[in-house]
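Accompanying notes for the structure given below.
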């Protein structure tokens, strides 16, 4: 492919293996470009980009309150980000983290309400979290079983199941007098709160130990993908399902296990959100798109488990800063916009990892060329 | 297209001087000179990885050389893209065809053609295609959709496409690799007719007999450098082979060890193909220890399905498969592997290897389940790497660069790696499908040697091959498959090419 521009010509060559420098430069450049485009949009709408960006950094990172707030928002994103990483690594597309997260919250709040203060704090919390993970895994299995044995399209099924989960949660609180709903509040329906002993312990301010659990699972997932037979099979199946079958691997079981692990991570995230932040089943707080944002986080992290952490924190800082921007008259939607632009720029940046561009003079002799990027 | 060439031009069609092209610091071409005259067929001979395809890609505008010059018809040119090369009358038929399957032949010809307007005259196009086809033996129906055509016919469409674009310098990259002997013969006729009309043709191959049969001149490449060139009339196969490989070649000798116990029995097996039709029917084959049973046949007569049924990738409808006394008809692939079944699949890049992964991972594909590569659920990266280094050395696998994808290796090295993996598991039965297809002379020799040694060591080998020479050189017994059925079975000393050829074409022969 080439493009002529006057006396110069741009030629595109595909590169099979990007160099270290390019692998560092492409995403860095992409992020920078996203902020430049964001600034242009702010300028075009009559806002001051410098003010907006400094406010975003200030409200996202400066001061204890800002940092803990960002980390609290980042915690569930790390879980849904990991959920996407695990499944996307095998080229199985779990788009259902949103629903699995919601059902994880439903299950853990249900278990929390059920055990009350009967088993004590630690045991109760563990039960809640296990229930969340289990619910996420089982909900993912609804899509995983037909995918593994009937080869249905998991993108469609996991996506659709999100709406099922949302419907279940809304029914439990808004449309019925269920076990989850607080009967004392007749005016506006709310979820019943679990006992105080079932609150996740806090570390600094409102920041709860969910973050530590998230970091621990990041390490576990990294290790499992890299240093276990299971991880090896996931890698081979992701690259070539035929080669996996040929070498005696059970591809159906791999699909099932990967989707269920992915669902369990998202469900655990939901459980931790209930145990650490909400303490009840709160449909409005649980349907902010944490599962979908997790997909963006995983993509920006280039499917690296450790990459998920900084990306989740960055994205969380945007959300954390949004209300503060509103106060200054900057529409808070700018952070959603920025998230989208960031995503597009990174995806476009991927192209530079796979192709190189040469600028050369059409008239000059061969060899008068300057490789760029 | 070029209006029919009025007179046969003479002189130089193309000259490449000092072409150098590096990939990741490895020289694919190093200071290569090459010249091409109008009206000649010029063979470019070399092993896989010798730099033939790179040199052609430079001339076809696909790669830009790091240094060196290209002259076309005496004029210096700078070819920035295949498009520009086409404008200069240079076109290449790639090994993997670049046709749109759903389009008709005529549509494929007009696709991307500079004179294609919004409306085109179908009739004049079809007339031209018919004319070109008759003149050069490239008959193919312009209305046929490409997916309906045989591989040989698709290749004709590729050539027609270039002629229709007005190409006068035609490059064919290993065109016979996908053809039957008969189709190759026809192709040679076409190339000769084109050359007689003044076109210049570069014919890339690693097969010596093809060079001798069709080329006027030959240039030999080795390790990216030109090692020699001469008119074919002055060349002989032995000299060319030595130039190509860099040393003398000896034909592997198959010693005759008495076969042992039957190890693999395929009893009355019937299985369906991908489209639900019976692909093999009532197949009976027995392979004994230390025996190589060759399965011959024209491609698509049930060979692939046979291999898949034996290795567990396909379920048979009827029949029984016994391995070492155990009925494995319903066993999983993994159980068969554990019983000692090795498999060299026909499709190396997608089935035999996970092409995107590093070689070390691919060499561990089966051994990763046991110590020392893993203990319990934990995999030892170090043991995987160590084992890969050992196998690379033992089986002479070259070109491995750390974590780069396996698919970047040459075909010969990939096949060596597959054999390294399968043979290191010490199999009792080895199924080898098309073990040397598409490989260069040295690799073919090495692979065959490995198979022979493996048989000598007691392994029962079921070898499926479309290469008759290979079947005859290696097999103790030859089975001919035709339309999924065993057409004949011959002991090695009674098998000869003529007899096998008749059986492969579906004719009953009494002697069989």
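Give me the residue from the stretch A:233-267 that is facing another protein chain (nearest Cβ under 7 Å) and under 23 Å from the mean Cα position of the chain (by Cα) and, out of that set, nearest to residue B:366 (Cα to Cα).
A:235
Looking only at helices (runs of 4 or more DSSP H) that fall completely inside the stretch B:402-496, which ones have 1 or more residues that are more than 21 Å from residue B:359 (Cβ to Cβ)?
In the stretch B:402-496, the matching helices (runs of 4 or more DSSP H) lie at B:441-456, B:468-474.
State all residues of the stretch A:212-232 that are crowded, with 22+ Cβ neighbours inside 10 Å and within 9 Å of another protein chain (Cβ to nearest Cβ); if no residue qualifies, say none.
The answer is A:232, and nothing else.
Just to verify a result, which residue in the stretch B:238-249, among those that are in contact with a helix residue (DSSP H, G or I) (Cβ under 8 Å, 6 or more places away or on another chain) and either part of a loop (DSSP other than H, G, I, E, B) or at pLDDT 80 or above (or both), is surrounded by the most Cβ atoms within 10 Å (Cβ to Cβ)?
B:244
Among the residues in the stretch A:164-173, are any closer than 30 Å to residue A:237 by Cα, assigned by TED's automatic domain parsing to the domain that holds residue A:262 and assigned to a helix (DSSP H, G or I)?
yes
Considering only the stretch A:199-305, give the helices (runs of 4 or more DSSP H) lying wholly within it that have at least 1 residues that are farther than 30 Å from residue B:423 by Cβ.
A:210-227, A:251-273, A:283-286, A:290-300
Name the single residue, out of those in the stretch A:143-156 being buried (at least 19 other Cβ atoms within 10 Å of the Cβ) and under 21 Å from the mean Cα position of the chain (by Cα), that is farthest from residue A:197 (Cα to Cα).
Checking each candidate, the answer is A:154.
Of the numbered conditions (1) within 14 Å of chain A (Cβ to nearest Cβ); (2) in contact (Cβ under 8 Å) with a residue 40 or more places away in the chain; (3) not in a strand (DSSP E or B), residue B:20 satisfies every one except a single condition; which is it?
(3)
Yes or no: residue A:191 within 11 Å of another protein chain (Cβ to nearest Cβ) and surrounded by 15 or more Cβ atoms within 10 Å (Cβ to Cβ)?
Working: within 11 Å of another protein chain (Cβ to nearest Cβ): no; surrounded by 15 or more Cβ atoms within 10 Å (Cβ to Cβ): yes.
Taking the combined requirement at face value, the residue does not satisfy it.
Within the stretch A:144-151, is there a residue that is away from chain B (no Cβ under 14 Å) and in contact with a strand residue (DSSP E or B) (Cβ under 9 Å, 6 or more places away or on another chain)?
no
I need the helices (runs of 4 or more DSSP H) fully contained in the stretch B:70-165, keeping only those with at least 2 residues that are within 29 Å of residue B:19 (Cα to Cα) and away from every other protein chain (no Cβ under 14 Å). First the steps, then the outcome.
Numbers: elements: B:82-87, B:105-110, B:122-136, B:151-164.
Correct list: B:151-164.
Take the conditions surrounded by fewer than 21 Cβ atoms within 10 Å (Cβ to Cβ), in contact (Cβ under 8 Å) with a residue 12 or more places away in the chain and closer than 25 Å to residue B:448 by Cα and apply them to residue B:335. Does it pass?
Working: surrounded by fewer than 21 Cβ atoms within 10 Å (Cβ to Cβ): yes; in contact (Cβ under 8 Å) with a residue 12 or more places away in the chain: yes; closer than 25 Å to residue B:448 by Cα: no.
Spelling it out, it is not the case that residue B:335 is surrounded by fewer than 21 Cβ atoms within 10 Å (Cβ to Cβ), in contact (Cβ under 8 Å) with a residue 12 or more places away in the chain and closer than 25 Å to residue B:448 by Cα.
Does residue B:58 satisfy being more than 14 Å from chain A (Cβ to nearest Cβ) and either at pLDDT 85 or above or within 28 Å of residue B:232 (Cα to Cα) (or both)?
No; evaluated as a whole, the condition is false for this residue.
Which one is nearest to the chain's Cα centre (by Cα) among residues in the stretch B:383-406 that are under 24 Å from residue B:337 (Cα atoms) and within 12 Å of chain A (Cβ to nearest Cβ)?
By that ranking, first place goes to B:406.
The values are calculated or read from the model by the stated rules, or taken from the named source; none is laboratory data. Just so you know, these numbers come straight off a predicted model, no measurement behind them. Neighbour counts are summed over all protein chains in view; Cβ atoms, including those assigned to glycine, are modelled from backbone coordinates with ideal geometry.
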